[in-house]
Amino acid sequence: MSVSLVGHIKGGLGYVTILAACVLASLSGSAAADAAALATLLVPMMVKAGHDKGTAGGLVAASGIIAPVLPPSIGLILFGVAANVSITKLFLAGIAPGLMMGVSLCVAWRIVSRRETVTTRSRASMGEISKAFYEGVWALFLPVIILVGLRTGIFTPTEAGVVAAVYALFVSVVIYRELTWKSMYQVLVSSVMTTSMVMFLVASAMVAAWMITIADLPSSVVDMLEPMMDSPRLLMLLIVTIIVIIGMAMDMSPIILILAPVMMPVAVAAGIDPIYFGVIFVMTCAIGLITPPVGLVLNVIAGVAKINFMATVRGVMPFLLAELLVVGLLLVFPQLLLVPAQWLY
């Protein structure tokens, strides 16, 4: 469907990547999974169209990290559990920033792609667009069901996961008929492995949280940052900087589970909205996934698409800058996040 809508524009495959990433983000919530899926399909198509392979990989990596921000985000769930914040409100507050990240990537891609000589697809007819929409509408209903259910209070975030899983299973088996009973075994095994890994991290983080509480570390951090309490924006800038630096060497999940219980009391003491703080925290952690020298998503793209890691790092830089600018914009103008969030509440 994304190809039929914007594939005819110069650099259209880049916009297809961004649009597809937003759609996938509303289905999975995992940056690595989305990036791997997009890289397998779209990087070869972009290279064939004339785009630089490193730039294509960088765009896919930057698009993939929209997943931890848009609901149903795994990162927002972890933050809600670790910091004792409403996951439903985090989900609804993450919509506007996630879409802003997508828009920023479109702007950055327009600037980058203008320097390249590429081939474009012919414009799709209304019939082709209608057909593509008809084929994809069942999948597109999944995020609608989740958001409407959360917004109206029909189910909780935990129940939303059950509803989403049952609906996705029904659509895959009955409607699209792409998931066979044989392949379902592999899907279940993969799900168990992923869940086990996350729960192991949660268990480890709970031990760390207990030690943090016993040591009264939050009070010590509050005392240390007390001079900045009068300037919430400056405090948020410092916290974002700390997370970006740590994100260069650590994955998103342990950062959230270890630092969120420490940083949340600081934010509350400074009068920062907990939901606003949570979304910015997770956005910054997500950006750490494409920040060298580690960059989990960069490594996923390099491995899946068979791109040199340093070429992927160079390719992601314009898009990394664009997403950092979005975070900076939200730090200067918190209303860009808070007003849509309050409207959705």
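The values are calculated or read from the model by the stated rules, or taken from the named source; none is laboratory data. Computed from a predicted structure; not experimentally measured. All Cβ positions, even for glycine, are placed from backbone atoms using ideal geometry, and neighbour counts span all protein chains on display.
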| In the set Thr291, Thr312, Thr284, which member is among the hydroxyl-bearing types (Ser, Thr, Tyr), assigned to a loop (DSSP other than H, G, I, E, B) and either free of Cβ contacts under 8 Å to residues at least 60 places away in the same chain or surrounded by 24 or more Cβ atoms within 10 Å (Cβ to Cβ) (or both)? | Thr291
| Qualifying positions in region 4-44 - touching a His at 6+ places or on another chain (Cβ under 9 Å), assigned to a helix (DSSP H, G or I) and modelled with pLDDT under 85 | Leu13
| task | Output the residue which, of all residues in region 46-60 that are modelled with pLDDT of 85 or more and among the aliphatic types (A, V, I, L, M), is surrounded by the most Cβ atoms within 10 Å (Cβ to Cβ). | result | Val60
| message | Show the residue pairs meeting these rules: Cβ distance below 7 Å; 6+ apart or different chains; first residue within region 81-108 and within 24 Å of Glu159 (Cβ to Cβ); second residue among the basic types (Lys, Arg) and in a helix (DSSP H, G or I). | response | Leu92/Arg151
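Taking region 76-96, which residues are more than 14 Å from Ser26 (Cβ to Cβ) and either touching a Cys at 6+ places or on another chain (Cβ under 7 Å) or in a helix (DSSP H, G or I) (or both)?
Once the filter is applied, which keeps residues that are more than 14 Å from Ser26 (Cβ to Cβ) and either touching a Cys at 6+ places or on another chain (Cβ under 7 Å) or in a helix (DSSP H, G or I) (or both), region 76-96 yields Ile77, Leu78, Phe79, Gly80, Val81, Ala82, Ala83, Ile87, Thr88, Lys89, Leu90, Ala93.
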| field | Among the residues listed as Pro254, Pro318, the single one being out of contact with any strand residue (DSSP E or B) (no Cβ under 8 Å at 6 or more places or on another chain), more than 17 Å from Leu76 (Cα to Cα) and part of a helix (DSSP H, G or I) | value | Pro318
| request: Go through region 258-277 residue by residue and tally those that are among the small types (Gly, Ala, Ser), surrounded by fewer than 21 Cβ atoms within 10 Å (Cβ to Cβ) and in a helix (DSSP H, G or I). | output: 1
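Conditions (1) under 30 Å from Val268 (Cα atoms); (2) among the hydrophobic types (A, V, I, L, M, F, W, C); (3) touching a Phe, Trp or Tyr at 6+ places or on another chain (Cβ under 8 Å); (4) at pLDDT 80 or above, marked per residue:
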{"site": "Gly98", "(1), (2), (3), (4)": "yes, no, no, yes"}
{"site": "Val118", "(1), (2), (3), (4)": "no, yes, no, no"}
{"site": "Leu142", "(1), (2), (3), (4)": "no, yes, yes, no"}
{"site": "Phe155", "(1), (2), (3), (4)": "yes, yes, no, no"}
{"site": "Arg177", "(1), (2), (3), (4)": "no, no, no, no"}
| note | For region 48-75 the number of residues that are hydroxyl-bearing (Ser, Thr, Tyr) and not in a helix (DSSP H, G or I) is 1
| task | Name the one entry in Leu298, Leu325, Leu329 that is crowded, with 16+ Cβ neighbours inside 10 Å and touching a residue at least 60 places away in the same chain (Cβ under 8 Å). | result | Leu298
| request: Under 9 Å between Cβ atoms, at least 6 apart or on separate chains: pull out the pairs that start in region 158-172 with a residue that is under 14 Å from Phe141 (Cβ atoms) and polar (S, T, N, Q) and end on any residue that is at pLDDT below 80 and surrounded by 12 or more Cβ atoms within 10 Å (Cβ to Cβ). | output: Ser172/Leu179; Ser172/Val187
| Selected residue (criterion: nearest to the chain's Cα centre (by Cα)) from residues of region 332-344 that are in contact (Cβ under 8 Å) with a residue 40 or more places away in the chain and under 23 Å from Leu147 (Cβ atoms) | Leu337
